[in-house]
Amino acid sequence: MSEQIEKYLKLRSYIDLKSENLLKQHGGNIVCKKGCFSCCDNLTLFPVEFEAIKAEMKRDGFSPAKLKFDESLNCGFLKDELCSIYRYRPIICRTHGLPIVFFNDEYDEWSVSFCELNFTKANLEELSFSEENTLNIDDLNSKLYSINKEFTNSRRRIPMKLLIEA
Ligand code: SF4
């Protein structure tokens, strides 16, 4: 496994921990549950992420070629409303539903965004978001970008669908 793939896996573990922590902090305001796929979408991946997922699947003897990739769904890897590659899902999928912070160019300021199915019972005026209880998506993307840059000169993103041919 290359050094960059190991860095990718380390970043993914950090995001898993951060997500777990955010779920605890926001308690009942985050209602994400098994069977909800409203955040799912057919994604493209940086080569380093694509190769890391491929390597993990190979190590586990998991063959995505046996999966049916259904183009008609939000994400072709959905099966019976569940993620058929859950264990290997990309980093962005691990952040679904969480409050994320990003720099909003339109207003020239930091903004928070979250799934509209979450925080529905909260008083938005009283919600207080900080570095501790959000995920900085710009920071995550720039870390991923840097790891990919070390991995390859290619910035070309790869459709996740190609995992079934890998
Ligand atoms: S890989 Fe899984 S979690 Fe990610 S978008 Fe597809 S079905 Fe949803």
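The values are calculated or read from the model by the stated rules, or taken from the named source; none is laboratory data. Remember, predicted model here, so these are calculated numbers, not experimental data. All Cβ positions, glycine included, derive from the backbone under ideal geometry; neighbour counts span all protein chains shown. The accessibility values were calculated without ligands, DNA or RNA, using every heavy atom of the protein model including side chains. Shrake-Rupley method; radii C 1.70, N 1.55, O 1.52, S 1.80 Å.
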Practice task
Within segment 21-38, count every residue that is out of contact with any Leu (no Cβ under 9 Å at 6 or more places or on another chain) and within 16 Å of the ligand (Cβ to nearest atom).
Solution key: 1
Practice task
Select, from S128, S72, S154, S84, the only residue that is of a type outside the set (A, V, I, L, M) and either farther than 25 Å from M57 by Cβ or open to solvent by less than 20 Å² (accessible area, probe 1.4 Å) (or both).
Solution key: S128
Handout entry: Boolean, E71 is closer than 18 Å to N42 by Cβ and acidic (D, E)
Key = yes
Completion exercise
Scanning segment 83-103 residue by residue, those near the ligand (Cβ under 8 Å from one of its atoms), outside any helix (DSSP H, G or I) and farther than 13 Å from K161 by Cα turn out to be C83, H96
Completion exercise
Residue pairs within 9 Å by beta carbon, gap of at least six or interchain, first lying in segment 29-49 and at positive phi, second part of a loop (DSSP other than H, G, I, E, B) and within 13 Å of the ligand (Cβ to nearest atom), listed first then second, are G35/D80; G35/E81
Practice task
Evaluate the following for E71: is it acidic (D, E), more than 9 Å from the ligand (Cβ to nearest atom) and modelled with pLDDT under 95?
Solution key: yes
Practice task
Report the residue count in segment 1-20 for those that are open to solvent by 70 Å² or more (accessible area, probe 1.4 Å) and of a type outside the set (A, V, I, L, M, F, W, C).
Solution key: 6
